[in-house]
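Visitor: The structure's right below; bear with me while I get my questions together.
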Amino acid sequence: MSWEGGVDLVAVTHPSLAMPNVIVHVARVVHTPVGSAPAGMVFWQPDANAAPVVMGFISSNPTVGAYFGPKIFAGTPFENAPVLDAEITVRGEGDQATARVVVAGHTFETSLNGLGDAELISREPAPTAPFHQQGLERVAASASLTVDGREVNVIVPPVGISGGPAAVFSPNGLYAR
């Protein structure tokens, strides 16, 4: 599968958290063998001791959303994640990229600022990302998140679940298994 206009934010909301409790990983358009549509994944667990508020693969096209678990994330905790209908808007201009996702009654807005130069990446499969990755990435100097209109303080770790930067805009790329 390939994508255009990817916004990826993986973060924690408190320094005591060992695992990310925020993932907004979306693209303006994702191309799969079963179709093309805006798509990605969202994981939002504001209380680490409670179930996630929102978790799943998201798309405006349920067939595209259902492709990710068994075809891309097989063998990971996300393999059987639900598919949720979502409205996804991605913009990238200059040194900023934004994503707005409306899913499951919640609105997530991310902003990646101070984007660096585009760098060509090629990553081998890893336990959390069991697929080859290639593409262009622009690392963000800072990131912000609002959920339902409220600013959420996020701490961005140096490495996200894909093995690359945790706050990054990817103009284009591909995952292959």
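The values are calculated or read from the model by the stated rules, or taken from the named source; none is laboratory data. If you're wondering where the values come from, they're calculated on a predicted model, not measured in any experiment. Ideal geometry is used to build each Cβ from the backbone, glycine not excepted, and the neighbour counts take in all protein chains shown. Surface areas here come from the heavy atoms of the whole protein model, side chains and all, with no ligands, DNA or RNA. Shrake-Rupley method; radii C 1.70, N 1.55, O 1.52, S 1.80 Å.
Visitor: Please list, ordered by first then second residue, the pairs with beta carbon atoms under 7 Å, 6 or more apart or interchain, first in segment 156-170 and without any contact (Cβ under 8 Å) to a residue 12 or more places away in the chain, second part of a loop (DSSP other than H, G, I, E, B).
Guide: Final answer for the pair search is P158/A166; V159/A166.
Visitor: Given A50, A81, A18, A39, which one is closer than 24 Å to E137 by Cα and either part of a strand (DSSP E or B) or more than 13 Å from the chain's Cα centre (by Cα) (or both)?
Guide: On inspection, the qualifying residue turns out to be A39.
Visitor: On to the next question. Can you tell me which condition D95 does not meet? The list is (1) over 22 Å from L112 (Cβ atoms); (2) of a type outside the set (A, V, I, L, M, F, W, C); (3) surrounded by fewer than 19 Cβ atoms within 10 Å (Cβ to Cβ), and all the others hold.
Guide: D95 satisfies every listed condition except (1).
Visitor: Keeping to segment 53-78, report how many residues are open to solvent by less than 40 Å² (accessible area, probe 1.4 Å) and either assigned to a strand (DSSP E or B) or in contact with a His (Cβ under 8 Å, 6 or more places away or on another chain) (or both).
Guide: Residues that pass the stated criteria total 5.
Visitor: Only residues that are under 23 Å from D148 (Cβ atoms) and surrounded by fewer than 19 Cβ atoms within 10 Å (Cβ to Cβ): list them for segment 22-46, please.
Guide: Listed by number, the list holds a single entry, P46.
Visitor: Could you please give the count of residues in segment 98-120 that are hydrophobic (A, V, I, L, M, F, W, C), within 17 Å of the chain's Cα centre (by Cα) and open to solvent by 20 Å² or more (accessible area, probe 1.4 Å)?
Guide: Result for segment 98-120: 2.
Visitor: Check segment 147-157 and report whether any residue there is aliphatic (A, V, I, L, M), under 18 Å from V90 (Cβ atoms), surrounded by 13 or more Cβ atoms within 10 Å (Cβ to Cβ) and touching a Leu at 6+ places or on another chain (Cβ under 9 Å). So that I can check it myself, show each step before the final result.
Guide: Residues of segment 147-157 aliphatic (A, V, I, L, M): 147, 152, 154-156.
From what's left, under 18 Å from V90 (Cβ atoms): 147.
Filter once more, keeping what is surrounded by 13 or more Cβ atoms within 10 Å (Cβ to Cβ): 147.
Checking the rest, the ones that are also touching a Leu at 6+ places or on another chain (Cβ under 9 Å) come to none.
Taking every residue of segment 147-157 in turn, none turns out to be aliphatic (A, V, I, L, M), under 18 Å from V90 (Cβ atoms), surrounded by 13 or more Cβ atoms within 10 Å (Cβ to Cβ) and touching a Leu at 6+ places or on another chain (Cβ under 9 Å).
Visitor: Find the residue count for segment 121-157, including only residues that are of a type in the set (F, W, Y) and under 18 Å from A97 (Cβ atoms).
Guide: Summing the residues that are of a type in the set (F, W, Y) and under 18 Å from A97 (Cβ atoms) in segment 121-157 gives 0.
Visitor: Residues of segment 122-161 being of a type in the set (D, E, K, R) and not in a loop (DSSP other than H, G, I, E, B), which ones? I'd like the intermediate steps shown before the answer.
Guide: The initial filter retains those residues of segment 122-161 that are of a type in the set (D, E, K, R), namely 123-124, 137-138, 148, 150-151.
Correct list: R123, E137, R138, R150, E151.
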